[in-house]
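Have a look at this one before I ask anything.
The values are calculated or read from the model by the stated rules, or taken from the named source; none is laboratory data. Please read these numbers as outputs of a predicted model, since none were measured by experiment. Cβ coordinates were reconstructed from backbone atoms using ideal geometry, including for glycine residues, and neighbour counts include every protein chain displayed.
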Amino acid sequence: MRVDIGNTLDSVADPGLSEDALEALDERVADAHERIERGRADDEFGYTALNLPERADPDAVRWAVEEFDPEAVLTVGIGGSALGAVTLTQALGGDSPVEHYALDNVDPAHTRRVLRDLPLEETVVHAASRSGTTAETLAQFLVVREAMEEAGVDWTEQTVVTTGDEGPLRMLSDRHGLPALDTPVGVPGRFSALSTVGLVPAALQGVDLEGLLAGGQAGADALAGSLHDCPAYAYGAVAQALDERGATTNAMMPYVESLEAFAEWFAQLWAESLGKDGGGQTPVRALGATDQHSQLQLYRAGRRDKLVTFVRPQERPAGPIPETDIDDLAYLGGADLGELLDAEFEATEASLAAAGRPSIRVEIPAVDAHSVGRLLYDMEAACVLAGELQGIETFNQPAVEWGKRAARGLLRGEQTPETELVADKTELVVD
């Protein structure tokens, strides 16, 4: 992976970093790297996620799905239990005959539409929950199971589970003899894409799992004590430093359609990990070139509180544009869609620089297994580093847990501190 931070220097952008500030930041990176390496060596909670590429077992994943030959795979999970899988299949599974669907929200209308469109008799269900107690996942799984039964499908023959050692999903898999994979110990869900949690749908699509993990391992091998030597740390350190200087929003903008879900995955990773103690850069999802026409006006001419992160592949498939006899369109004829998209990207990047707005360019060789594995790993490492520099507990999510307790209490009819606050909501209604 290649990271260009030139457009974050104060000679280009405001907010920006001076050369002296960059060198001072590099000293902080060296200290943070030592802490990260200790956490990895000791398998501390969260830090052990950065060991996943070396430890993940693609053979175990393939064993769990080897009896299946489906037309579709349905992920039932939420947050990190779904976003990583969707990111991998959207990026790499486009040519597979196996379609990947996900139920990662309990909106009943959406659930009904997905189940209506699925060929249930030819669908494998992947139920994923690290705790095995996630209310949304369990509720959706019960709905899916009922739909399969009503369609005359034996759901026990078409379900694979990824979960922890205990909980309802583990009990269910034991009772019915379902193929079951273990979630990695000590790894928060949002850091688990390169593990059993994210790899099952990719395996069913025939994605190169070894290539994915090799890309992740290349990222691990590239970790070093200087941002000048490590693309992941360059990204995480500069993003955090700009956050401290007022760029409190980070717009993740891939210039490739198949990485749109990657921007969603990044949003969870960045928000849930870094939104602590009154701080944390707010991630925004964008897509180039589409959002040049919907968001760029704000990024270029709005408040100076934004960093734009561009992601693009250095190689694209061919997409020739036909010749035309229309004079005003002659410049397009004989060109290529990829060339047009790259021109759009370079123009957008330059327009931000001309307006003094900071941006970072992230480039991967191609949208292939190795490059995507490296991209995900490096963004995880960047996030861990940013958390160290911010001085927060990167791997917990107390605000999320508060909401889960409140929802459970409401569903159970319990009176708890959380449900009392729900009942005490302040109202100022306008009808």
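Among the residues of the range 26-50, what is the count of those that are of a type in the set (A, V, I, L, M, F, W, C) and buried (at least 18 other Cβ atoms within 10 Å of the Cβ)?
5
Inside the range 337-387, can you point out the residues that are touching a Leu at 6+ places or on another chain (Cβ under 8 Å) and at pLDDT below 95?
LEU340
Mind checking which residues of the range 252-291 are of a type in the set (Val, Ile, Thr) and touching a strand residue (DSSP E or B) at 6+ places or on another chain (Cβ under 9 Å)?
The answer is VAL256, THR282, VAL284.
State which residue is farthest from THR249 (Cα to Cα) when the search covers only the range 274-324 and only residues that are β-branched (Val, Ile, Thr) and surrounded by fewer than 18 Cβ atoms within 10 Å (Cβ to Cβ).
THR324
Given the structure, is ASP43 farther than 30 Å from GLU121 by Cβ, at pLDDT 95 or above, in a loop (DSSP other than H, G, I, E, B) and not assigned by TED's automatic domain parsing to the domain that holds ALA267?
yes
How many of the residues making up the range 35-53 are more than 14 Å from VAL185 (Cα to Cα) and among the charged types (D, E, K, R)?
Going through the range 35-53 one residue at a time, the tally reaches 3.
Sticking with this one: Considering each of GLU344, GLU401 in turn, give the residue that is surrounded by fewer than 22 Cβ atoms within 10 Å (Cβ to Cβ), of a type in the set (Asp, Glu) and in the same structural domain as GLY288 (by TED's automatic domain parsing).
Being surrounded by fewer than 22 Cβ atoms within 10 Å (Cβ to Cβ), of a type in the set (Asp, Glu) and in the same structural domain as GLY288 (by TED's automatic domain parsing) holds for just one of GLU344, GLU401, which is GLU344.
Being in a helix (DSSP H, G or I) and either under 23 Å from the mean Cα position of the chain (by Cα) or in the same structural domain as GLN240 (by TED's automatic domain parsing) (or both) is the requirement here; does GLY387 meet it?
yes
Do the conditions hold for LEU22, that is, is it crowded, with 18+ Cβ neighbours inside 10 Å, aliphatic (A, V, I, L, M), under 30 Å from ALA347 (Cα atoms) and assigned by TED's automatic domain parsing to the domain that holds ILE364?
Judged against the criteria, LEU22 is a match.
Could you tell me how many of the residues in the range 75-91 are closer than 11 Å to ASP104 by Cβ, among the hydrophobic types (A, V, I, L, M, F, W, C) and modelled with pLDDT of 95 or more?
Matching residues across the range 75-91 total 5.
What about ALA60, is it touching an Asp or Glu at 6+ places or on another chain (Cβ under 8 Å) and modelled with pLDDT of 95 or more?
For ALA60, the condition - touching an Asp or Glu at 6+ places or on another chain (Cβ under 8 Å) and modelled with pLDDT of 95 or more - is not met.
Can you find, within the range 308-345, the residue that is farthest from the chain's Cα centre (by Cα) among those that are assigned to a strand (DSSP E or B) and under 24 Å from ASP4 (Cβ atoms)?
Restricting to residues being assigned to a strand (DSSP E or B) and under 24 Å from ASP4 (Cβ atoms), the top hit is ASP336.
Quick check on my filter: what residues within the range 410-431 are part of a loop (DSSP other than H, G, I, E, B) and within 19 Å of ALA135 (Cα to Cα)?
Residues satisfying the conditions are GLY413, GLU414, GLN415, THR416.
Just to be sure I understand, how many residues within the range 300-325 are touching a residue at least 12 places away in the same chain (Cβ under 8 Å), charged (D, E, K, R) and more than 22 Å from LEU375 (Cβ to Cβ)?
Counting residues in the range 300-325 that are touching a residue at least 12 places away in the same chain (Cβ under 8 Å), charged (D, E, K, R) and more than 22 Å from LEU375 (Cβ to Cβ) gives 3.
With (1) under 14 Å from the mean Cα position of the chain (by Cα); (2) in contact (Cβ under 8 Å) with a residue 60 or more places away in the chain; (3) not in a helix (DSSP H, G or I) as the list, and MET252 as the residue in question, which single condition is left unmet?
Of (1) under 14 Å from the mean Cα position of the chain (by Cα); (2) in contact (Cβ under 8 Å) with a residue 60 or more places away in the chain; (3) not in a helix (DSSP H, G or I), only one is false for MET252: (2).
OK, next. Step by step: first the residues of the range 135-171, then only those that are more than 27 Å from the chain's Cα centre (by Cα) and among the hydrophobic types (A, V, I, L, M, F, W, C), then the one that is surrounded by the most Cβ atoms within 10 Å (Cβ to Cβ). Which residue is that?
Within the range 135-171, the match that is surrounded by the most Cβ atoms within 10 Å (Cβ to Cβ) is MET148.
Go through (1) within 21 Å of VAL367 (Cα to Cα); (2) touching a Gly at 6+ places or on another chain (Cβ under 6 Å); (3) buried (at least 23 other Cβ atoms within 10 Å of the Cβ) and name the single condition GLN205 misses.
(3)
Further question: Report yes if VAL12 is over 24 Å from LEU212 (Cβ atoms), of a type in the set (A, V, I, L, M, F, W, C) and over 25 Å from the mean Cα position of the chain (by Cα), otherwise no.
Yes, satisfied.
For the range 67-88, check the following and say yes or no: at least one residue is buried (at least 17 other Cβ atoms within 10 Å of the Cβ), under 30 Å from PRO358 (Cα atoms), assigned by TED's automatic domain parsing to the domain that holds ARG300 and hydroxyl-bearing (Ser, Thr, Tyr).
No; the residues of the range 67-88 include none that is buried (at least 17 other Cβ atoms within 10 Å of the Cβ), under 30 Å from PRO358 (Cα atoms), assigned by TED's automatic domain parsing to the domain that holds ARG300 and hydroxyl-bearing (Ser, Thr, Tyr).
Separate question: May I ask you to list the residues in the range 261-273 that are closer than 25 Å to ASP342 by Cβ and surrounded by 20 or more Cβ atoms within 10 Å (Cβ to Cβ)?
The answer is ALA261, PHE262, ALA263, TRP265, PHE266.
Looking at GLY216, GLY206, which one is closer than 14 Å to GLY84 by Cα and among the small types (Gly, Ala, Ser)?
Testing whether each residue is closer than 14 Å to GLY84 by Cα and among the small types (Gly, Ala, Ser) leaves just GLY216.
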